[in-house]
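Bear in mind that the values in this text are calculations on the coordinates, not laboratory data. This structure is a prediction, so every number in the text was calculated from the model and none was measured. Here Cβ is always computed from backbone atoms with ideal geometry, including for glycine, and neighbour counts include all displayed protein chains.
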Amino acid sequence: MIHKEPIDYIRVPAPQHSEDAFYEVRYGDVDWEDTGEENNYKRAVYIVMGYGDKMAYRRVPHILTSSNPDENGLSDLEKVMTAIEKIRKRNSI
């Protein structure tokens, strides 16, 4: 398993992708070699795309930089960066 259950996460709506899309900014343990061996896990902040109630682990998140008219003009990038900062502070990273 590449990802363990996240220690913490924040869901960020991504309406420019689709109505039910979101970025999930996660903090937790990952194993890039996918060995499942405990000593290969590293702590990381990472982003996974989600659609409805499904996570798209194999789809690389494309974080849009265009403004969201329905969200005070903030871009997805600005919203994801804010979520990363919240995760960082909440977990003393």
At a Förster radius of 22 Å, what calculated FRET efficiency corresponds to the Cβ-Cβ distance of Lys54 and Leu77, to the nearest 0.05?
0.40
With a ≥ b ≥ c the root eigenvalues of the C-alpha gyration tensor of the stretch 19-69, is it rounded (a/c under 1.5), prolate (a/b larger than b/c) or oblate?
prolate
Once phi for every residue in the stretch 16-32 is put through the Karplus expression 6.51 cos²θ - 1.76 cosθ + 1.60 (θ = phi - 60°), the whole-Hz ³J(HN,Hα) values, with Gly and Pro written as x, are 6, 6, 6, 4, 9, 7, 7, 9, 10, 7, 10, 10, x, 9, 10, 10, 5
CD proxy at 222 nm, helix term only [per DSSP H run n ≥ 4: -39500 (n - 2.57); per residue of the chain; nearest 500]
-5500 deg cm²/dmol
To make sure I understand the rule: partners must be lysines, Cα under 26 Å from the Cα of Lys54, and not fewer than 8 residues away in the same chain. Which ones qualify?
Lys4, Lys42, Lys79, Lys86
Could you work out the Rg to Rh ratio of the stretch 1-43, with Rh taken as the Kirkwood radius (inverse of the mean 1/r over all Cα pairs)?
1.14
Using only the alpha-carbon atoms of the chain, report the extent along each of the three principal axes, biggest first, to the nearest angstrom.
45, 28, 19
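Using a Förster distance of 41 angstrom, determine the FRET efficiency expected from the C-beta separation of Glu38 and Arg11, and round it to 0.05. Before the final figure, lay out the partial values.
Working: r = 28 Å, r/R0 = 0.68.
Rounded to the nearest 0.05, the efficiency is 0.90.
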Exposed GluC sites (Glu not before Pro) absent: longest stretch of the chain, with sites in DSSP loops and at most 16 other Cβ within 10 Å deemed exposed
38-70
In the chain, which longest range has no trypsin sites (Lys or Arg not before Pro) that are both DSSP loop (not H, G, I, E or B) and surrounded by at most 11 other Cβ atoms within 10 Å?
1-57
